[in-house]
1. Arrange SER162, SER245 by Cβ neighbour counts within 10 Å, fewest through most, would you?
2. Name the residue from GLY188, ALA155, ALA395 whose Cα lies farthest towards the positive end of the charge dipole of the chain, charges +1 on Cβ of Lys and Arg and -1 on Cβ of Asp and Glu.
3. What fraction, in whole percent, of alpha-carbon pairs in the chain exceed 42 Å separation?
4. For LYS151, which sequence-distant residues (separation of 5 or more, or a different chain) have an amide H within less than 5 Å of its own amide H, given hydrogens modelled in the peptide plane?
5. So for the range 226-340, what percent of the C-alpha to C-alpha distances run longer than 25 Å?
6. Sort THR69, THR375 so the one with the fewest other Cβ atoms within 10 Å of its own Cβ comes first.
7. Ranked highest first by average number of other Cβ atoms within 10 Å, how do 286-293, 231-238 line up?
8. How do MET415, MET1 rank when sorted from fewest to most other Cβ atoms within 10 Å of their own Cβ?
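FYI, it's all coordinate maths here, none of it is from the lab. Here the structure is a predicted model, which means the values were calculated and not measured. Cβ placement follows ideal geometry from the backbone for every residue including glycine, while neighbour counts extend to all protein chains displayed.
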Amino acid sequence: MTLLITGGTVIGPTGAAPADVLVEGEKIAAIHTPGAGPADTETMDATGKYVIPGGIDAHTHMELPFGGTFASDTFDTGTRAAAFGGTTTIIDFAVQRTGEVVRDGLAAWHAKAGGNCHVDYAFHMILGGVDDDSLKAMDQLVADEGITSFKLFMAYPGVFYSDDGQILRAMQRARDNGAMIMMHAENGIAIDVLVRQALARGETDPIHHGLTRPEALEAEATHRAIMLAEVAQDCPLYIVHLSASRALAQVAAARDAGRNVFAETCPQYLYLTLEDQLGAPGFEGAKWVCSTPLRSKHESHQRDLWQGLRTNDLAVVSTDHCPFCFKDQKELGVGDFSRIPNGIGGVEHRVDLLYQGVVDGKLSLQRWVETIATTPARMFGLYPRKGVIAPGSDADIVVYDPSGRTRISVETHHMNMDHSAYEGYEIAGKVDTVMSRGEVIVSGGAYHGRAGRGKYLPRGLSSYLV
Ligand SMILES: [Zn+2]
Ligand SMILES: [Zn+2]
């Protein structure tokens, strides 16, 4: 099939310009000056709209086992919701928990995702137990499986936690094989002390989840990860779900020093707060229990995170999509905040929520596209197949209507959740049409895709390594 997308403004990291985009089969064939494309082909009118690369959400957790339950979106429901929101690639986290074999964890994730995804997908690997076997497995996954990034945890002792020696060994191995180390940077040992003390005082409400994970312990862990990576000959390091000003300052200082250090933030840290959401009356705040936690609105976090996105100290916006229903799932933590499953669902809303930053004057159009698509593609070895409107790239294309409106609600979203973290939010902009490898899967709010059409994407090394 050949299709010419006409009349739109194509946005990429180098700018925005009127252009017509020719799609042949699954690929982008050519970019034409307006009106100069072939005349004898089917057309899609994008007049007055933006034509952008399909979003890449580099941090999702479909069906993640956590806290005695599972994240409520399957690869089927979660990738379909992603498609509705203009995201055409996800990178999910396959999991090795402490005591498990890395390859078994990977096989389990392929079994969950295979034949079920509506959009293309790739995997990072969580290493929950760094030892000789898992270090060897890292090399194999980079060489043979297209998995070139590994997440370690400085939090969750007994589940995913690695001590500093384990982290250093994994970083040294990554320095040798070219992989990226992704870090959950919170001091989990200290946090667990604060959690026990809070519960002993009878402080059981959801807000204490945030109060027992203070910003200082994110900044400390971020600093420690950066220093350990320096000792590992500047191993490439990517801080996930960065939420706080002082953690950002650590990343900015490392980057100013020319270090191989990168970071992402998530929409929840740009829009939601400790007081307004996590501190909601009664048990309501459980909807917003996630780690790292939402931060105080009385401090400068949100302003600083938006600035970090502009300056590239924050390179990527991912969702950390890890949905749990309020009923029966979040409710596991009634009377004990430490038992509330950690996670917020948002895979459907990232492109819109970041576009609101453009409308609000906090982000340029180019930075919008860079942080949601182009940089994640480059960061995680999918570029130029994904993340850009260019000849030869996959025809993953979103036609975005800046004059449309999006209202976020549990009544209208497609994620498998019984509530929305962004209930009632109004966005000045709207996903109009979504194309995945040349196939229109969403148009005018209707769904045309199907489970199983999404392909596994083996990834190369990061484009940003030095
Ligand atoms: Zn994490
Ligand atoms: Zn996560």
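1. Fewest-to-most ranking of SER162, SER245: SER245, SER162.
2. ALA395
3. Value for the chain: 11 percent of Cα pairs lie more than 42 Å apart.
4. MET125, ILE126, LEU127, MET182
5. Within the range 226-340, distances greater than 25 Å cover 32 percent of Cα pairs.
6. THR69, THR375
7. The peptides rank, most packed first, as 286-293, 231-238.
8. Sorted ascending by nearby Cβ count, the order is MET1, MET415.
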